[in-house]
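Note sheet for the following structure.
Where a number appears in this text, it was derived from the coordinates with a stated rule and is not lab data. As the structure is a prediction and not an experimental result, all values here were calculated from the model. Virtual Cβ from ideal backbone geometry, glycine too; neighbours counted across all protein chains shown.
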Amino acid sequence: MTTAAIVDIHALPTRAPEQQPERERHLRALPAIAARRAPRLVHGVVALIGLTGIVVAQLGLSVVISEGAYRLSALEGESTALARTEQTLAEDIAVLSSPQYVAVAADELGMLAGQPSQFLTLSGAATAGGPDALWMQTPAIDRSGIYVPNALLAEEPQAAATVRAVQAEAARPYPGMLLPAGESAVAGAPAPAPTVVEPAPGTLLPTAVGE
Amino acid sequence: MGVKRIRSRNRVRTMLVAVLTFALLATFVVRLADIQLVRAEALNAEADGRRGVSETIFGSRGPIVDAQGTVLAESVDRWDLTISPQYTRDLLPEVDGVESTVTGGEALERIAAITGQDPLDLQAMILAELERDPDSDYLLLASGLTATQFEAVRDLDLPYVYLRLNPQRVYPAGSVAGNLVGFMGQSEPLAGIERSEKACLAADDGSRTFDRSADGTPIPGSMLTEPAVDGGTVRLTIDADVQYQAQQLTAQYTAQLRARSGTSIVMRADGTVVAVAESSTVDPNDPTATDQRDRGSRAFTAAYEPGSIFKAFSFAAMVDLGLVSPRDELSVPWTYTAPGVRVRDAVAHDVKQWTAAGVLVNSSNSGMVRLAEDMDRADYYDYLDRFGFGEPTAVGFAGEQAVPLRDPAALDPQTQLNVLFGQGIAATPIQLASAYQALANGGERLPVRLIDSCTLPDGTVTTPELGGAERVVSESTARQTLEVLERVVTDYGYETFPIEGYRIAAKTGTAQMAYEDGSGYDPSRMMISVAGVFPVDDPQFVVLTLFDSPQTIRTSGGAIPAFHDMVNLLIRHYDIPPSTTPASEVPLEWTADQP
């Protein structure tokens, strides 16, 4: 059979197994072995120095980190303390800017509500007035106490007290001071603080007309 | 032979080293598994317990601010001063490193000087606690210490004293808007916005765990922080300045009228609330100082029978239905009688030749009944529903009353007439203001807005969904009604009412108050009120003011100066220019043509 013949042909090893080189290696001379030398001292020293360096660096790093931790801790403490101070001050400001405080302080300084705005008319001939007066305008505090209380507002507005003291100081008569007629310079008492005209409740309310 | 022995010895040695290495490795592996897996939790817990510290980071509850950003409520750090009674002792220089001996008594005196207490009280508290439990380790001596006090106590360096952070709520403006803002209990919000907006305001506490060195410094790298989430900021639509002035006025007039209480509402024509003033008002810093009844907001929670100020809505409904025109002419005796029903005006008078406008301006009950003869009450109640009665406002205030409308078909004949002038029907002041707002806004009612927005710490802004506008009456009806109400201010007979140059529409009311048990009207109690809109040519504000049971002036005339002053304040505060259009000239009376 032709196929069988082909198979046979293919079955033939194309080349004989190569055993020649191995055999040759066996016969080859060994290369000269470099003479082993004892490790030099310098290597050991380098290794040791390197190790020490690493340890020292590690230690240094640790020291720096933990110092950083202390510093961080201290700074955090400082930051907390400052935040507390800020909060205290912010609280004070919030109370001082409360409408009650402002109103009481204004009353004590003798301030009254300002004039309402005037408006220009388009014709330009005159100004149109704002609203008329209030029927009742009493200070924030009268003898019945503060109308719109604030428990956080315990003490008297300091500004008012200070200004009053300064006014009293400024108004103290000195010899030769020009005084309005009818006042004598003998009275050495400080000028009284400006007082707000306090309408007694009920006086300003007009009586009703008709029903 | 020698080589062979060396080789076998080498092998044994290698084997031995290998076995030993493996044994060592196995031991380590087993130990590792034991530590890392089997006993991991127990060991971790033990380790944490030895040097781990866990702290709560308090989130800050969000502030409540007004439209301009004025803080009405905020959270601040406060400290509780606690003490370990069993370890309270004298401090000695050699033990505690103090300069000289600090006895327990001296320490208490120093603490008391800081907290403002009586040292003997403190001592008594400690002794009482030791009496109760000699091993007691905890006693709260003082709470609410401010930062200054905290630092002072901390600097005393007493080992048996522990200061615990306990954030608290303060209200810098005191009782300004206290009725709206509400207040907190020990931990829970109890009233007002604090309660209704707690979802926005509430904060989430975080925590911080770290390992602690011997002196308490956190060990680097051990810090594990879960940050606290602060609460959001609730911005209200109110103006704290106007609110303060309105409260001041309301309180003054309440005192002058010797009324049980006073309420004023200022609302913009777009439905945003500018001020809700009440007298008495709770100071949220100290809610217990106020009577239980005064701790909420009557404007939202106290429905009453509004009386004559309700006539404006009946009139608007009739005009809108086309049943009545302001110039309609009729003869009005002071009483109206029909089978089973009887209606009288407040004051006896002759038969008057009033126009429909005149009926409203003179607040004639019998006239209103005559005008409404053809009006189907079901239609009327539809109008009332659209005016916003019968349902709570969009504010959703804590404890707000709705007062559902009754079925108009089920009303008895007398009530059918009474509802025209605000009897037999109840409403809260805020509902009334909201209904007047519809008239101010060209007949379209917008939802009442008290909460402007909630701003979360990450910057997200949410505004409450309130729904859209609702057309109640036509623009022409609203204008006609306001023009008639304008004549109330000029022609009702009170010189305290008008403000020259400004067109103001208002209606007064003197309402009877029902007994608490519903057994009829209390003759000694009246609710006097004025509700109004201004300026009529370009409505900007709705003002409602009412006083419960005034003693000095018991008719609506008593509330008129308060209304006048409230409008006056708004004109001043917002610089509202005078009206440029002439006042309405709708006739109030008519004369029969002479034959």
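What spacing in nm lies between the two simple spin-label points modelled at B:Ser187 and B:Glu391, each 7 Å away from Cα in the Cβ direction?
In this crude spin-label approximation the distance works out to 3.8 nm.
Indicate, rounded to the nearest 5 percent, the antiparallel portion of the DSSP beta bridges found entirely in the protein assembly as shown.
Just about 95 percent of them are antiparallel.
Pairwise over distinct Cα atoms, reciprocal of the mean inverse distance: report the Kirkwood radius of region B:15-56 in Å, one decimal place.
12.4 Å
In degrees between 0 and 90, to the nearest 10, how far off the longest principal axis of chain B does helix B:104-115 point, with axes built from Cα atoms?
30 degrees
Could you check the spin-label model distance between A:Arg28 and B:Ala199? Points 7 Å from the Cα along Cα→Cβ, value in nm.
Label at A:Arg28, label at B:Ala199, 8.7 nm between them.
Looking at the square roots a ≥ b ≥ c of the eigenvalues of the Cα gyration tensor of region B:318-463, which shape do they give, rounded for a/c under 1.5, prolate if a/b is larger than b/c, or oblate?
prolate
Rg over Rh of region B:430-552, using C-alpha atoms and the Kirkwood radius, what does it come to?
1.09
From the phi of every residue in region B:10-24, what ³J(HN,Hα) in whole Hz does the Karplus formula 6.51 cos²θ - 1.76 cosθ + 1.60 yield, where θ is phi - 60° and glycine or proline is x?
Those phi angles translate into 4, 4, 4, 4, 4, 4, 4, 4, 4, 4, 4, 4, 5, 4, 4 Hz.
Any idea what angle helix B:147-156 forms with the longest principal axis of chain B, computed on alpha-carbon atoms, 0 to 90 degrees, nearest 10?
30 degrees
Got a sec to turn the phi values of region B:514-523 into Karplus ³J(HN,Hα) couplings, 6.51 cos²θ - 1.76 cosθ + 1.60 with θ = phi - 60°, whole Hz, x for Gly and Pro?
3J(HN,Hα) across region B:514-523, in whole Hz: 6, 4, 4, 8, x, 8, x, 8, 8, x.
Please report, in whole Å³, the volume per residue of the convex hull around the C-alpha atoms of chain B.
Per-residue hull volume (Cα only) is 277 Å³.
If packing is taken as the average number of other Cβ atoms within 10 Å across a peptide's residues, how do B:217-229, B:106-118 rank, most packed first?
Per-residue Cβ counts within 10 Å, averaged per peptide and sorted highest first, yield B:106-118, B:217-229.
What residues qualify as long-range amide H neighbours of B:Gly52, i.e. H under 5 Å apart, gap of 5 or more or another chain, H built at 1.01 Å from N?
Excluding prolines and chain starts, which carry no amide H, the hits are B:Arg212.
Got a sec to turn the phi values of region A:39-46 into Karplus ³J(HN,Hα) couplings, 6.51 cos²θ - 1.76 cosθ + 1.60 with θ = phi - 60°, whole Hz, x for Gly and Pro?
Karplus-based 3J(HN,Hα) across region A:39-46 equals x, 6, 4, 4, 4, x, 4, 4 Hz.
For peptide B:487-498, what's the mean number of Cβ atoms from other chains within 10 Å of each residue's Cβ?
2
Order the peptides B:182-193, B:122-133 from the highest to the lowest mean number of other Cβ atoms within 10 Å of their residues.
For the peptides B:182-193, B:122-133, the packing ranking is B:182-193, B:122-133.
B:Lys352's amide H: which non-local residues (gap 5+, or another chain) put their own amide H closer than 5 Å, with H modeled 1.01 Å from N in plane and none for Pro or chain starts?
B:Val332
Pairwise over distinct Cα atoms, reciprocal of the mean inverse distance: report the Kirkwood radius of region B:143-292 in Å, one decimal place.
This gives a value of 19.0 Å.
Mind jotting down a quarter of the surface of the convex hull over the alpha carbons of region B:375-438, in square nanometres, one decimal?
Result: a mean projected hull area of 4.4 nm².
When you look at the Cβ of every residue in B:145-157, what mean number of other chain Cβ atoms sits within 10 Å?
Average per residue, whole number: 2.
Would you please calculate the Kirkwood hydrodynamic radius of region B:235-308 over all C-alpha pairs and express it in Å, rounded to one decimal?
13.2 Å
Sequence-distant or interchain residues sharing an amide H contact under 5 Å with B:Asp452, placed H: which?
B:Arg235, B:Leu236, B:Thr237
Quick one: pull the percentage of alpha-carbon pairs in region B:178-242 with a separation above 20 Å.
So the portion of pairs separated by more than 20 Å is 52 percent.
From the Cα gyration tensor of region B:530-592, with a ≥ b ≥ c the square roots of its eigenvalues, which class applies: rounded if a/c is under 1.5, or else prolate if a/b is larger than b/c, or else oblate?
The shape class here is oblate.
With Kirkwood's inverse mean 1/r over C-alpha pairs for Rh, give me the Rg to Rh ratio of region B:198-273, two decimals please.
Answer for region B:198-273: 1.41.
With contacts defined as alpha carbon pairs under 8 Å and 6 or more residues apart, what's the relative contact order of chain B in percent?
14 percent
Give the average, rounded to an integer, of partner chain Cβ atoms located within 10 angstrom of each Cβ in B:501-512.
Partner Cβ neighbours, averaged per residue: 1.
How large is log10 of I(q)/I(0) for region B:385-488 at q = 0.16, 0.19, 0.22, 0.24 Å⁻¹ when the intensity is taken from the Debye formula with one equal scatterer per alpha-carbon?
Once normalised to I(0) and log-transformed, intensities are -0.84, -1.06, -1.23, -1.29.
Output the antiparallel fraction of DSSP beta bridges having both residues in chain B, as a percent to the nearest 5.
Of the beta bridges lying entirely in chain B, close to 95 percent run antiparallel.
Students often forget the sequence filter, so: which lysines lie under 27 Å Cα-Cα from B:Lys507 once same-chain residues fewer than 8 apart are removed?
B:Lys311, B:Lys352
Normalised by the empirical 2.2 N^0.38 Å for globular proteins, what value does the Cα Rg of region B:69-174 take?
1.21
Percentage of Cα-Cα pair distances in the protein assembly as shown greater than 34 Å, rounded to whole percent?
I get 66 percent for the Cα pairs in the protein assembly as shown exceeding 34 Å.
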